[in-house]
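Participant: I have a structure here, written as structure tokens, and I will follow up with some questions on it.
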Amino acid sequence: MAEAASGGWLAVDPEVGGRLFVALRDGRLFRSLDGAEELTQVEGITVGSEGAVWTDPDDPDLLLLVSGRVFTSADGGASFTEISDAIDGPARRIGEVERSRSTRVAGAHSGRWRFGRG
């Protein structure tokens with residue numbers, strides 16, 4: 001289990017009970033599927049000091065994570081793919097997400113991103 005560090009952030013998934021993400025000050029990201037009883041580090045991703053996660057209500061394995069950069073996941077957050085360069089400003093929340101059959105368009109104050117299962 002990871003130790004908490006000041007300067008990190010926590011995102012609780014409103015669509016999947018018990019799933020949450022914890023970011024530490026050093027940029028490591030951890031995922032829990034059981035309400036933080038057990039945390040597993042998500043390899044291959046470094047996050048910023050603030051972040052937000054959006055879960056597709058129709059496809060709970062499809063996630064968008066905004067934290068210094070923008071990342072997507074198609075496996076419930078076990079792994080992420082970077083879809084943007086560095087973004088300006090903090091990412092405390094993700095705005096409205098437009099959804100079509102296979103594409104999602106999400107926005108935050110620092111931009112808009114298209115993603116999906118293609």
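All of the numbers you see were taken from the coordinates with simple rules; none came from a lab. What you see is a predicted model, and the numbers here were worked out from it, not measured in a lab. Ideal geometry is used to build each Cβ from the backbone, glycine not excepted, and the neighbour counts take in all protein chains shown.
Participant: Using Stokes-Einstein with the Kirkwood hydrodynamic radius over Cα pairs, what translational diffusion coefficient do you get for region 30-77 at 25 °C and a viscosity of 0.890 mPa s, in µm²/s rounded to a whole number? Before the final figure, lay out the partial values.
Facilitator: On the way: Rh = 11.5 Å.
Rounded, D is 214 µm²/s.
Participant: Need one number: nm distance between label points at GLU15 and ALA86, each 7 Å from Cα along Cα→Cβ, rounded to one decimal.
Facilitator: For the pair GLU15/ALA86, the computed spacing is 3.0 nm.
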